[in-house]
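Chemist: Structure provided below as structure tokens; questions to follow.
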Amino acid sequence: MGMPVRIEDELYEQAKLASRGECRTIAGQVEFWAKVGKAALDNPDLPTEFVRDLLIAKAEDKTHLTPFAPGQLR
């Protein structure tokens with residue numbers, strides 16, 4: 001269930017701009033930033049960019065992936 005949250009106007013405008021490039025809603029962009037921030041704080045030994053990329057990969061559609069089989073990369 002979604003809950004309304006008040007944020008500063010400047011953060012809203014930044015999320016609005018970023019959401020266009022990321023193909024998300026403004027709320028979705030703020031939620032993504034919050035998830036990245038939480039995961040980065042929970043894993044301080046990992047670079048933030050790595051955490052972000054992991055969250056993006058986790059959300060990707062898995063139906064078009066090719067399973068890895070050792071020895072196929074020759």
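Chemist: I'm trying to understand the selection: among the residues of the range 24-39, which are among the aliphatic types (A, V, I, L, M) and in contact with a helix residue (DSSP H, G or I) (Cβ under 7 Å, 6 or more places away or on another chain)?
Modeler: The answer is Ile26, Val30, Val36, Ala39.
Chemist: Same structure, new question: Enumerate the pairs (first residue in the range 46-67 and surrounded by 12 or more Cβ atoms within 10 Å (Cβ to Cβ); second residue anywhere and charged (D, E, K, R)) with beta-carbon separation below 8 Å, excluding pairs fewer than 6 apart on the same chain, so at least 6 apart or on different chains.
Modeler: These pairs meet every condition: Leu55/Lys35.
Chemist: May I pose another question? Condition test on Ala40, is it at pLDDT 95 or above, among the small types (Gly, Ala, Ser) and surrounded by 14 or more Cβ atoms within 10 Å (Cβ to Cβ)?
Modeler: no
Chemist: Looking only at the range 29-50, decide whether some residue is part of a loop (DSSP other than H, G, I, E, B) and of a type in the set (Lys, Arg).
Modeler: no
Chemist: On the given criteria, is Ile26 free of Cβ contacts under 8 Å to residues at least 24 places away in the same chain, more than 18 Å from the chain's Cα centre (by Cα) and surrounded by 10 or more Cβ atoms within 10 Å (Cβ to Cβ)?
Modeler: Judged against the criteria, Ile26 is not a match.
The values are calculated or read from the model by the stated rules, or taken from the named source; none is laboratory data. Worth saying up front: this structure is predicted, and the values here are computed from it rather than measured. All Cβ positions, glycine included, derive from the backbone under ideal geometry; neighbour counts span all protein chains shown.
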